[in-house]
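Notes follow the structure.
Every number here is computed from the coordinates shown, using simple stated rules; none is lab data. Keep in mind it's a predicted model, so treat the numbers as computed, not measured. Backbone-built Cβ (ideal geometry, glycine too); neighbour counts: all protein chains shown.
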Amino acid sequence: MKRHLTILIIFLLTVSFGIAVNKTDSLQTVIDHAQGIKKTEARLELAYHLRKSDFTAARNHASTALQEAINIQDPELEAQALYYLGLAYYYQTSNDTAIDYFLKSTIISKDINNTKQLGELYFFIGTCCLLHTGDQARALNYYNQSIYYSSMSNNYRTLGSVYSAIFNIFRMNSSYEKALEYIFKAQENYEKAGYTEGIAWISYITGRLYCTVDLYEEAQTAYFESLKLYRELAARDDIMTGVAICLDELAIVNIELNNEEIARKYNQQALEMHRQGKSQFGVSNSLRSLARIEYLSGNYDIALTYLDTSLKIKKNISDALGFSSIYNLFGLIFIEQKEYQRAIDSLEVGLDIALNNNQLMSIMAANKHLAQVYYILGNYDKAYTFKSQEVTIADSIYSSKTTRNMLQLEALYEIETGEEKIKQLEKENLINELSLSHETKLRNFLIGILFLSLIIIVMFFYFYHVKRQANIALTKSEKYLQELNATKDKLFSIISHDLRSPFNALLGLINLLKENSNEYDEEQTKQIITSIHDSAHQNYVLLNNLLEWANSQTSTLKISPESFMLEDVIKNVISLLSKNAKNKEILISQETHPAGIFADKNMLHSVLRNLLSNAIKFSNSGDTIHITYKQDVSQTVISVSDSGIGISETNIKRLFHIEDNYHINGTKGEKGSGLGLIICKEFVEKHDGRIWVESEPGKGSTFHFSISKSLTSP
């Protein structure tokens, strides 16, 4: 197939955590007459019940329940209210807002160890990421966390939903055998849960997979099985969405089989059901299919009208993964109308979108049609370029011979469920072995000789490689020993000088106060006590850094990532160091826009504390320190900037290396050991990130560090 349905329907159907029942009135009655927890629980149940059909009511009930839960200090209800608020925005396709509420709910859910809810939350967060941005890596990261928590709580229904979502990612990337593996995982979990809708869904997505590799007869069989189950469910709960999407796909199959009238019948039935159910997503897909039917019938203007309406709807609901197939079809219609420049413009837009979302089949189709246009225009160089790109992608998709091997994998799955089939397979293998010809035996003999020769060659290179690796390992060991010696020297230096000197000063001040307390007036005594406090605080900071660094060196410090809001940690660090900044008349500013992050909160706190402490230490009175951050699909980058004394290029190279023993005093003589930046580097690298600095003497410094988004929970 040359098109990809987006996966929004997958998620809307596979995560039906409860069948909607028309009980709004009875729940409202409970809300009107109940008090306390019972009233809040009823609000939440009603919010969940209305999450798909009435956004405003669902949001209002969940918001009120959230405030009630906060007032009675019930974290379980608070986490649930945040979850349902996220669901209301999720079904409204307001994905950014939904993610924000979901992440807040995960923080509380972790505190109360609600693993079942965590599994569902991470599933929805991953789904929002995929639908809104097409970021498959980020979505898979959250799906992995959903699997982790759902497995802990034996939440088989959510596991089935996650596995079916991962299946679709592999299908979109043309990894068909891997996709089939996840179909089986989803099926296994839905069967454990006794979830009929999930089993119907498995038949549906199996049909999708067959369509992708052009096995339309097999696809039709799978869709009919799914349609039968969805009709039974619809007769019970009057929800027609499952029936409609099966009819959509049967229309697409019959388009490919050139059964235009049958395709029109299925398409009209699906479109009517989507309109009755007020499913904008379903309507957009049915209109796209109808446009293709009209295109194949030569009704190009009508096809363009349907296609334009479908695209507008998809833009309104932010269906990022549905754009490429529409622009490709625009291109085909313009080619038929001989409007070649419009065709090129549409196909290039579709190609860019498909490349951004890694939709291989759409990429291949766009290249194919662009090659066709440029060939018609006589631009053979460009035609050749696009044709080559089409062939390259086709090779990557089909080189593994997965089109029919997919059926063999399915047969293998069935074989594993019964002893008789295994025995039958063994008999067939025995017959095949007995029927080997003399020519086959000779071929195997020659292959054996070749294999033996290859073994000898491989052994030669292996021994050469072993020797080379041994030399490399020896060199690394020598370097490691040098680093250990430098570490030891630094440790003794800190203990003998940086730590002993402040303690001597502290003891001297205490002794001075002890022997002359009767002679000092109140002001002199206060000055000495202030000096004692400052010296003790300096020693505490040094000891704290020393212990953190020592833990990181002995590998006893383990990273424990969790989800939390970045701005909250920054505010905490600023509050901790506000007195230091105030004493030097230094202002600190920070960004306040919401930013969720998955990291070890204590390590992140330590990194920010050290960087901000250094910025205060090396800034002048009246300066301002800025803390900023930005996020992309792969990482979060946090920056601490000051306009202080700055660092020379030579000294920048000495930072973050313990063996260089580099440290200087602050603008008011503040002491330091240089350990703070070493700790920052250790902690940042444990998050698969890096730390670096931009500075110029007299113009200040900016320290940046990154936190990778590829981390997963332990």
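For the reader, a short list of remarks on this structure follows.
- In a simple Cβ point-charge model (Lys, Arg +1; Asp, Glu -1; nothing else charged), the range 91-200 has a dipole of about 120 debye relative to its Cα centre.
- Two-decimal Rg/Rh across the range 319-405, once Rg and the Kirkwood Rh are taken from alpha-carbon atoms: 1.01
- Averaging 1/r over each pair of different alpha-carbon atoms in the range 559-708 and inverting the result gives 15.5 Å, the Kirkwood hydrodynamic radius.
- Subset of Lys571/Lys630; Lys582/Lys671; Lys228/Lys314; Lys617/Lys709; Lys582/Lys686 violating a 27 Å alpha-carbon distance limit: Lys228/Lys314; Lys617/Lys709; Lys582/Lys686
- Residue order, fewest to most surrounding Cβ atoms within 10 angstrom, among Ile169, Ile37: Ile37, Ile169
- Ranked packing of 161-167, 116-122, most packed first, by mean Cβ within 10 Å: 161-167, 116-122
- Note on the range 22-154: Cα-Cα pairs beyond 18 Å make up 54% of the total pair count.
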